[in-house]
Amino acid sequence: MTKLLLITVLLPVVALSACSKKVTVEEEPSIGEEVIQMVMPKDGKAVHPKFGKEEWFAFGAMSGVGETPANGVAQAYVFEDGSYALTMQLNIAPASDGTFYEAWLASEESDAPISAGHLGNFFGDARHQIKFESSEDFKSFLQVSVTLEQDDGDPLPSEQLVAQGQLRVIKR
């Protein structure tokens, strides 16, 4: 019984090793890379190469609204030259043809939201991002939202809110 077991187990291993040949695995070419540019703090403060030292910072989590699954993060900065910058990374299903996602900033002190622009989706998957820069002071605009917009040229936000977040000011 032991000889039969050894023959049954070892014979296939010996046979396979005798027929082996060198197999080369070729790597597939890269499909590209996504670069998300954001200011990173060093020694407690961030320094933007164009705008200077960070004077104010806020961040907040983004989440889907209603039945829309989404998550991400938004970060806002004001720099020593007075420039404002908002970056957002949002994971959400790609918008269907004829539609796009638009980011908005809102404040309790203002009636009208401010468009931060269309979210980019460079690979056709869930990763979306935006970078919004302005010389205006938007520190009081702590509510961030994303709407699904029809590509119809209407500059006003649609009623289709898909994601939102609240920026929280951080002292560094």
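Points to keep in mind about this one:
- Of all residues in the stretch 118-157, those being in contact (Cβ under 8 Å) with a residue 12 or more places away in the chain and not in a strand (DSSP E or B) number 18.
- Looking only at the stretch 76-95, residues that are within 18 Å of the chain's Cα centre (by Cα) and either in a loop (DSSP other than H, G, I, E, B) or in contact (Cβ under 8 Å) with a residue 60 or more places away in the chain (or both) come to 6 in all.
- Annotation note: of E102, E109, the sole residue that is out of contact with any helix residue (DSSP H, G or I) (no Cβ under 6 Å at 6 or more places or on another chain), surrounded by fewer than 15 Cβ atoms within 10 Å (Cβ to Cβ) and not small (G, A, S) is E109.
- Look at (1) more than 19 Å from the chain's Cα centre (by Cα); (2) part of a strand (DSSP E or B); (3) of a type in the set (G, A, S) and you find that S110 fails only one, number (2).
- Candidate set: the stretch 49-74, residues that are among the charged types (D, E, K, R) and over 20 Å from the mean Cα position of the chain (by Cα); chosen: the one surrounded by the fewest Cβ atoms within 10 Å (Cβ to Cβ): K50
- Residues of the stretch 133-172 satisfying the condition of being within 23 Å of the chain's Cα centre (by Cα), within 19 Å of E80 (Cβ to Cβ) and either surrounded by fewer than 10 Cβ atoms within 10 Å (Cβ to Cβ) or of a type in the set (V, I, T) (or both): V169, I170
- Check on S115, surrounded by 13 or more Cβ atoms within 10 Å (Cβ to Cβ), in contact (Cβ under 8 Å) with a residue 60 or more places away in the chain, of a type in the set (S, T, Y) and closer than 23 Å to Q160 by Cβ: no
Here is a yes/no grid of residues against (1) at pLDDT below 95; (2) closer than 17 Å to Q160 by Cβ; (3) of a type in the set (D, E, K, R):
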| site | (1), (2), (3) |
| --- | --- |
| V39 | yes, no, no |
| A46 | yes, no, no |
| A76 | no, no, no |
| E102 | no, yes, yes |
| A106 | no, yes, no |
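The values are calculated or read from the model by the stated rules, or taken from the named source; none is laboratory data. Note that the coordinates shown come from a computational prediction; the quantities given were computed from them, not determined experimentally. Positions of Cβ are backbone-derived with ideal geometry, glycine not excepted, and every protein chain shown enters the neighbour counts.
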